[in-house]
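S.K.: Take this structure, written in structure tokens, and hold onto it; I'll ask about it next.
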Amino acid sequence: MKIKNLYIGYTKTLLEIEELNLEAGKVYALIGANGRGKTTFMKSLIGQIPSLSGQITLDGKDLTTLLSLDKSKLFGFVNSRFAGVSYMRAKEYVALGRSPYTKAFGRLSAKDEAIVDQSFETMEIEHLANKFTEDLSDGERQMLAIAKVLAQETEYIFLDEPTAFLDYSNKKKVLQMLTKIAKDENKCIFYSSHDLEMALEYSDVKVCVLKENNQVSIISGKLDLNSLLNICFQD
Amino acid sequence: MISQKRNRFLLLLLLVIMPIAFISHFAAGEISISWSTFGDAWISFDSSNPEHIIVREFRFPRFIMACLAGSALSVCGLMMQTLFNNPLAGPYILGINSGSSLFVAISLMTGLSIFQSDFGLVSSALIGAFIFGLIILSISFKVKQGVSLLLIGLMLGSFSSALVSVIQYLSEANSLKMFTMWIMGSLQLVESDQLPFISVLFLFGMLGSFLIIKPLNAFVLGETEAVLLGISIRKIRLLIIVFTALLTGLITAYCGPIAFIGLAVPNLVKIIFKTQDHRILLPASLIGGAIFIVLCDIIVQLTAQWIPLPINAVTSLIGAPMVIYFIVKRLAQ
Amino acid sequence: MLKNSRTVDYFYNMKILSLVLILSAVMFSCDSQKENDNLTGENIVRYAKYLRIIEKGNLTTIEILSPETGEAEQTLNLTKELVKTNHFLQVPVSKMAVLSSTHVGMLSKLNEIDKIVGITNRLYVFNEELLENIEKGKVVELGEEGQIPVESLLKTKCKTLIYSGFGKEYPYQKQLNAAMVKCIANYDWREVHPLGKAEWILLFGYLTGKEKEAKIYFDKIENEYLALEEKAKKLKNYPTVLEGNLFGESWFAPAGESFKAQLLKDAHVHYQYVDTKGTGSLPLTLEKILSDNLDTEHWINPGFPTKEKLFTFHPKLKYLGPVTKNKIYDYSKSGNRYWELSAIEPQKILSDYLSIFHPTEFPKKNLYFYQEVK
């Protein structure tokens, strides 16, 4: 995905970025203070919110020319919290990730079933398959949400503060999974976080929302906690 | 998965109960009629034989109408609950039913000439549902979130109810009596020669609902999630509203408003079948709704000799405890 | 010796107090004496079960009996003299509010329409003089029986309010009594015998000072009614009749001991459910009505003036026996007229019935209340 001169927002510009290329196999961490517009930024990248100006292209094709169905095969999006759905089992939930590919009535072919099972395996949550989503813990549900997006077989996976509601060990677990998925499945993982330590450790590229203006840019070089704090957060 | 096998078994069970329901319903009538008479009424109809008339003009249309009404209202209730992500939604929540009531009130209780003689009650109700359906449809294009549509539907419903109250207040005794009876709801008004027309429209609405099972499943996760899965919200919303308006408008036109079924049956089905998959929920609501209302009508028939109960009273009296029972049972697990 | 002024006051007050006490005791015993005298007077009411009128010189006592207990629910002491307390009611009453159509009908027969200052709703009025008075603003519309606006009523300065009794005190009765408005329960609607219902005209007669005219009128219609009844007894055939209509999921047919059933009995017809108990209606299924009444010739009081309205109401009614035989009669073409006058002209209802059901013996001249439903 190539992004050039992008201005995002609703009526006024919230954030702008000069250039950003998202490549497969890499993990990108979007870091910035609360309320700066990180969620809006990601939703603009996947075409859910129209951007104010600029260009987003995928393999040369402009994002705005893509249909809803095409986008659903390219982008997966995970929210910070999945509260569960009443009367829905984990397997049913993950199977919904196959919606862009299934035919009439949403029936799953053998291949679809296999992909769903594989998603459970990858996230190491096979034991949860028959449980009701409401009966799971927050951490388990978050793993489930990622499994669903995996079943969606998208090149890009966007996650909005995926570890915000998780405890320490689960945070690590999720981010380790994401790193593994990026490498093994050659996907592009893009997530936002305000947990600086985790973001530092579990990402290849740091995309920062600068504290002094609306700019978003990649920060390279040797970074540590303090430097990140300085760049993105007010004193 | 065990749950899938179990659900298939339960669906089959529901199918098996249908003919039993039919037999019980027929037998519950006050005049006992033998099964051979039943057969004769179809094979060699004698219009002077009162038993034949009862079979063909009273019992049969009543049973068919009950099934169609129960199915249609339950399926529409299910779609409304999915569309708005709200288990408290029912088929009347968009206010389309109030359109029928309003037009029936106008045609019965005001002296407005456009609505006299050429337009029967049925036509008035259908026109009312159609107009209100159009209003809701055009609004649905303009709103972004489903919640706004819900609120507008509720306001539309309240507004027309208020208008109806005013009309009632100003009307004379006889017309008021006719309207009051209509609004109590009854499965007995429909005539056998109206059944083909009703069935055709019913089938059309039902088939349409079945065709959107996949998007409905996506809607369960919420509108934003559904978009991410590639569903066109506007298009599906439009289809849901069209089919709901058609089916509920149809039932209201021939039976008057029937309460509770559209709300209770989809919830009961979800509790019993423990799934959100509309491939199970839709047929289960269809058959379950029919069985439920036939059961209520059996009670109406059995008690008719002592206490005359309108169908609306029975659906709520039976339905509410059932729902409470299942919820409590589930909470205990 | 010089009496202390305080002591003087004390004795003086004691004298006044004892005087008052003695006087009250005398008055009280006088009243109770009068009451005792009245209760041994004769009741002049002959058919009405819930009305008792006892005349004693200048004083008339009217008792309204409760249909549930048979005891006097209300006692009215009427007098032509000026009264200051609520214990008596001064007659003739110059202004009254009446809450039922039957009351209007009875007053119309006594030519006392101008005494009416309050009714429920003009939509139900048939009497032309009353309608004119309403137009002129002389009569106030009070709305539904149980929920009248009390202030509007007090503005009319009426002396009595007559309502359909329901076993309890009229709502606002206490306030109305305090404003010297007497609330009178009327149980004409509970009377089962047609003449019993009509006899309540006597109540209105006494209230308006026209008791003589009321008695004359009642005697006249009593004679007419009984004469018709006698003639009917000599009839040979018993045509079959169905009465009532659907309401909701059930058909309501008059029960065997009701007013409507009594009229049918007196008209010498066979009514299917004449042997049932109760004074109200029986709920029956349409199927049962259909199969019980296959050969029934007549249908009376379906509640609709035309067949079109009848079948719009419920299309399945067309399968009923009398419909196919074409003999349906109803009064709803002039419903208000029926509701006002039917109670006070039962002989005309009976006459209509006899013309409808026995056309050869009682040729159909102009039916008074009824019309064929076409």
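The values are calculated or read from the model by the stated rules, or taken from the named source; none is laboratory data. All of these numbers come straight from a predicted model, not from anything done at the bench. Note that we place each Cβ from the backbone using ideal geometry, even for glycine, and neighbour counts take in every protein chain shown.
S.K.: Quick one: residue C:141 ticks every box in (1) closer than 23 Å to residue C:343 by Cα; (2) buried (at least 18 other Cβ atoms within 10 Å of the Cβ) bar one, so which box is it?
M.R.: Every condition holds for residue C:141 apart from (2).
S.K.: Tell me whether region C:167-189 contains one or more residues that are under 30 Å from residue C:353 (Cα atoms) and of a type in the set (A, V, I, L, M, F, W, C).
M.R.: Of the residues in region C:167-189, the ones under 30 Å from residue C:353 (Cα atoms) are C:186-189.
This time we only want the ones that are of a type in the set (A, V, I, L, M, F, W, C), so: C:189.
Within region C:167-189 (the criterion being under 30 Å from residue C:353 (Cα atoms) and of a type in the set (A, V, I, L, M, F, W, C)), the answer is yes, since at least one residue qualifies.
S.K.: Please state which of the following conditions residue B:30 fails to meet, knowing it meets all the rest: (1) modelled with pLDDT under 90; (2) more than 14 Å from chain C (Cβ to nearest Cβ).
M.R.: Every condition holds for residue B:30 apart from (2).
S.K.: Still on this structure: When you look at residue C:142, is it closer than 24 Å to residue C:335 by Cα and touching a residue at least 12 places away in the same chain (Cβ under 8 Å), yes or no?
M.R.: Details: closer than 24 Å to residue C:335 by Cα: yes; touching a residue at least 12 places away in the same chain (Cβ under 8 Å): yes.
Yes, satisfied.
S.K.: If residue A:174 passes every condition in (1) part of a loop (DSSP other than H, G, I, E, B); (2) under 26 Å from residue B:221 (Cβ atoms); (3) under 14 Å from the mean Cα position of the chain (by Cα) but one, which one does it miss?
M.R.: (1)
S.K.: Next question, about the same structure. Any residue at all in region B:260-274 that is under 12 Å from the mean Cα position of the chain (by Cα), closer than 20 Å to residue B:62 by Cβ, more than 11 Å from every other protein chain (Cβ to nearest Cβ) and not in a helix (DSSP H, G or I)?
M.R.: Yes.
S.K.: Sticking with this structure for a sec: Please note which helices (runs of 4 or more DSSP H) are completely contained in region B:138-211 and include at least 3 residues that are modelled with pLDDT under 90 and either farther than 20 Å from residue B:243 by Cβ or more than 14 Å from chain C (Cβ to nearest Cβ) (or both). Spell out how you get there, then give the answer.
M.R.: Values: elements: B:146-170, B:173-183, B:195-211.
Helices (runs of 4 or more DSSP H) meeting the threshold: B:146-170, B:173-183.
S.K.: Could you grab me the full set of residues in region A:211-222 that are surrounded by fewer than 16 Cβ atoms within 10 Å (Cβ to Cβ) and of a type outside the set (D, E, K, R)?
M.R.: Selection gives A:213, A:215, A:218, A:219, A:220, A:221.
Per-residue answers, yes or no, for (1) part of a strand (DSSP E or B); (2) in contact (Cβ under 8 Å) with a residue 24 or more places away in the chain; (3) loosely packed, with under 14 Cβ neighbours inside 10 Å:
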| site | (1), (2), (3) |
| --- | --- |
| A:5 | yes, yes, yes |
| A:11 | no, no, yes |
| A:14 | yes, yes, no |
| A:24 | no, yes, yes |
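S.K.: Sticking with this structure for a sec: For region B:302-311, how many residues are surrounded by fewer than 22 Cβ atoms within 10 Å (Cβ to Cβ) and assigned to a helix (DSSP H, G or I)? Walk me through how you get there before you give the answer.
M.R.: Within region B:302-311, the subset surrounded by fewer than 22 Cβ atoms within 10 Å (Cβ to Cβ) is B:302-303, B:305-310.
Narrowing the set further to residues that are assigned to a helix (DSSP H, G or I) leaves B:302-303.
Matching residues across region B:302-311 total 2.
S.K.: Only one of (1) within 12 Å of another protein chain (Cβ to nearest Cβ); (2) in a helix (DSSP H, G or I) is not met by residue B:243, so which one is it?
M.R.: Status for residue B:243: all satisfied but (1).
S.K.: When the residues of region A:92-124 are narrowed to those that are in a loop (DSSP other than H, G, I, E, B) and surrounded by 21 or more Cβ atoms within 10 Å (Cβ to Cβ), which ends up farthest from the other protein chains (Cβ to nearest Cβ)?
M.R.: Selected residue: A:123.
S.K.: How many of the residues in region C:80-120 are in contact with a strand residue (DSSP E or B) (Cβ under 9 Å, 6 or more places away or on another chain), more than 19 Å from residue C:157 (Cβ to Cβ) and surrounded by fewer than 16 Cβ atoms within 10 Å (Cβ to Cβ)?
M.R.: 3
S.K.: For residue C:296, indicate whether it is buried (at least 16 other Cβ atoms within 10 Å of the Cβ), without any contact (Cβ under 8 Å) to a residue 60 or more places away in the chain and among the β-branched types (Val, Ile, Thr). Before the answer, list the steps.
M.R.: On the way: buried (at least 16 other Cβ atoms within 10 Å of the Cβ): yes; without any contact (Cβ under 8 Å) to a residue 60 or more places away in the chain: yes; among the β-branched types (Val, Ile, Thr): yes.
Taking the combined requirement at face value, the residue satisfies it.
S.K.: Taking region C:315-331 on its own, how many of its residues are buried (at least 20 other Cβ atoms within 10 Å of the Cβ) and at the interface with chain B (Cβ under 7 Å from one of its Cβ atoms)?
M.R.: 1
S.K.: A follow-up question, please. Among the residues of region B:214-237, is there at least one that is surrounded by fewer than 18 Cβ atoms within 10 Å (Cβ to Cβ), more than 8 Å from every other protein chain (Cβ to nearest Cβ) and over 30 Å from residue A:66 (Cα atoms)?
M.R.: no
S.K.: For residue B:168, only one of the following conditions fails: (1) touching a helix residue (DSSP H, G or I) at 6+ places or on another chain (Cβ under 8 Å); (2) crowded, with 17+ Cβ neighbours inside 10 Å. What is its number?
M.R.: (2)
S.K.: Also, quick follow-up: Go through region B:1-21 and give me each residue that's closer than 22 Å to residue B:186 by Cα and crowded, with 16+ Cβ neighbours inside 10 Å.
M.R.: B:21
S.K.: What's the number of the condition residue B:299 fails, among (1) within 14 Å of chain C (Cβ to nearest Cβ); (2) assigned to a helix (DSSP H, G or I); (3) buried (at least 24 other Cβ atoms within 10 Å of the Cβ); (4) among the hydrophobic types (A, V, I, L, M, F, W, C)?
M.R.: Here residue B:299 meets the rest and fails (3).
S.K.: Show the residue pairs meeting these rules: Cβ distance below 8 Å; 6+ apart or different chains; first residue within region C:98-110 and outside the structural domain of residue C:123 (by TED's automatic domain parsing) and part of a loop (DSSP other than H, G, I, E, B); second residue at pLDDT 95 or above and surrounded by fewer than 23 Cβ atoms within 10 Å (Cβ to Cβ).
M.R.: Cβ pairs passing all conditions: none.
S.K.: Can you name the residue in region A:63-91 that is under 11 Å from residue A:144 (Cα atoms) and part of a helix (DSSP H, G or I) and is also nearest to the other protein chains (Cβ to nearest Cβ) among such residues?
M.R.: Result: A:91.
S.K.: Do we have residue A:168 as crowded, with 16+ Cβ neighbours inside 10 Å and either out of contact with any Pro (no Cβ under 6 Å at 6 or more places or on another chain) or in contact (Cβ under 8 Å) with a residue 40 or more places away in the chain (or both) here? Reasoning before the result, please.
M.R.: Numbers: crowded, with 16+ Cβ neighbours inside 10 Å: no; either out of contact with any Pro (no Cβ under 6 Å at 6 or more places or on another chain) or in contact (Cβ under 8 Å) with a residue 40 or more places away in the chain (or both): yes.
In short, no.
S.K.: Can you confirm whether region C:257-274 contains a residue that is touching a residue at least 12 places away in the same chain (Cβ under 8 Å), surrounded by fewer than 20 Cβ atoms within 10 Å (Cβ to Cβ) and at the interface with chain B (Cβ under 9 Å from one of its Cβ atoms)?
M.R.: Checking region C:257-274: not a single residue is touching a residue at least 12 places away in the same chain (Cβ under 8 Å), surrounded by fewer than 20 Cβ atoms within 10 Å (Cβ to Cβ) and at the interface with chain B (Cβ under 9 Å from one of its Cβ atoms).
S.K.: Would you point out the residue of region C:117-176, among those that are outside any helix (DSSP H, G or I) and of a type in the set (S, T, N, Q), that is farthest from the chain's Cα centre (by Cα)? First the steps, then the outcome.
M.R.: Initial filter on region C:117-176 (outside any helix (DSSP H, G or I)): C:117-121, C:125-127, C:136-144, C:148-149, C:156-172.
When the remaining residues are screened for being of a type in the set (S, T, N, Q), the result is C:120-121, C:127, C:156, C:160, C:164.
Working: C:120: 15, C:121: 17, C:127: 17, C:156: 23, C:160: 15, C:164: 7 Å.
Applying the filter and picking the extreme gives C:156.
S.K.: Just name the residue that is surrounded by the most Cβ atoms within 10 Å (Cβ to Cβ) out of those in region B:33-51 that are away from every other protein chain (no Cβ under 11 Å) and within 26 Å of residue B:300 (Cα to Cα). So that I can check it myself, show each step before the final result.
M.R.: Keep residues of region B:33-51 that are away from every other protein chain (no Cβ under 11 Å), which gives B:34-46.
Among the residues that remain, those that are also within 26 Å of residue B:300 (Cα to Cα) are: B:34-39, B:41-42.
Values: B:34: 9, B:35: 10, B:36: 8, B:37: 14, B:38: 18, B:39: 11, B:41: 21, B:42: 11.
That would be B:41.
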